Every structure is written in C-alpha cells, then in structure tokens.
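Taking it in order: structure first as structure tokens, then the write-up.
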Amino acid sequence: MTRALPFLAVGLVLGVATQATAQGKMQSYNGLEMTPASVERAPTASLKDCPPGSNTVTATTRPGAEFAIVTVKFKVTPAFKPAPIKRPVLMDASGKAFNTAVQFVDVASVPEFSCSIPFRVPAGTAVKALQVETATLDLTGLEMKKP
C-alpha cells in the first residue's frame, strides 16, 4: 500500500501540471485579468453578456459555418477602473477579424467570472487570438478536440 502512494502523488502532480498548461497566458487590461481557457466548436451558441446575466438569446449557424466559442476566465483586481469595454474580436491564423454579439456589461459586479464568447466563423477556421481592447490573448493550443 505504501508503494502505491508515490505513484499516486506523481499522477496528481502530472494532472495538475497538465491542467495548468491547458490554459493560455493571462493578459491584463485596465486592472482586468483575462486568461483564455478553451476554444470549442458548435452549431449553436448562447449570446449571454459578460459576465453572464439574464440575456438568454441563442444563435444558430448556416451551412458551412460554425461557432468558435472562446471561454475566458476574468478576475477584477483593485486596479480596475470602471469604463466601457469594446466587444472582443477573434483573429484567425491569416489575420482576419470576426466579431461577436456578446458585450461586457457591469464587469465589476463580481470579483471573478468566466465567459464563453461565441464567434460565427467558416467551418474549420483556425483561430489564433482574442483581442480585448489592447490585450491580445493567444488561443494557440486551446482548441478542444472532437471525439
């Protein structure tokens, strides 16, 4: 039984290390820390504002298109100064920009939150970065693999 414990500890350490590398690098804008967590693909998406509120609109794509849904974790630091924040923009590998209907609303209402921001893109579009004002979040390697 005591021999199994070191293997368990190694497995836990590797699992935590893998989970930590599954997220992107944190970027900051105006005291708002943003860490990209994942990119998923879907034919439909919720257009909830960020942080998520009561907006429950759902959108669907047309043939040949899909949603690239970028999940970002946010933390409001004491340095945050309330001000309007423009809608985020998704950049693909060729530099083309894609807009979203999601907007930032009452960001300082909670200290930490997560948002899943959908972008309608042509099917198979390789995503590269998410732009929030002057902060650029690298999305490389965050694409969720389809089963």
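No value in this document is a laboratory result; all are computed from the given coordinates. Fair warning: this is a prediction, and the values are worked out from it, not measured in the lab. Because the Cβ atoms are built from the backbone with ideal geometry, glycine has one as well, and the counts that use them run over all protein chains shown.
Computed values, structure above
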quantity	calculated
Contour excess over end-to-end distance, with Cα ends at Lys128 and Ser109 and 0.36 nm allotted per residue	3.9 nm
Whole-percent pair-distance distribution, where bins are 5 Å wide, for the alpha carbons of the stretch 39-109	3, 13, 21, 26, 17, 11, 6, 2, 0, 0
Calculated FRET value between Ser94 and Thr56, using beta carbons and R₀ = 30 Å, to 0.05	0.35
Computed FRET value (nearest 0.05) for Leu47 with Met144, which takes r as the C-beta separation and R₀ as 30 Å	0.90
For the stretch 23-138, with +1 on Lys and Arg beta carbons and -1 on Asp and Glu, the positive-most of Ser94, Tyr29, Pro111 along the dipole	Ser94
Highest-first arrangement of 41-50, 60-69, where packing means the average Cβ count within 10 Å	41-50, 60-69
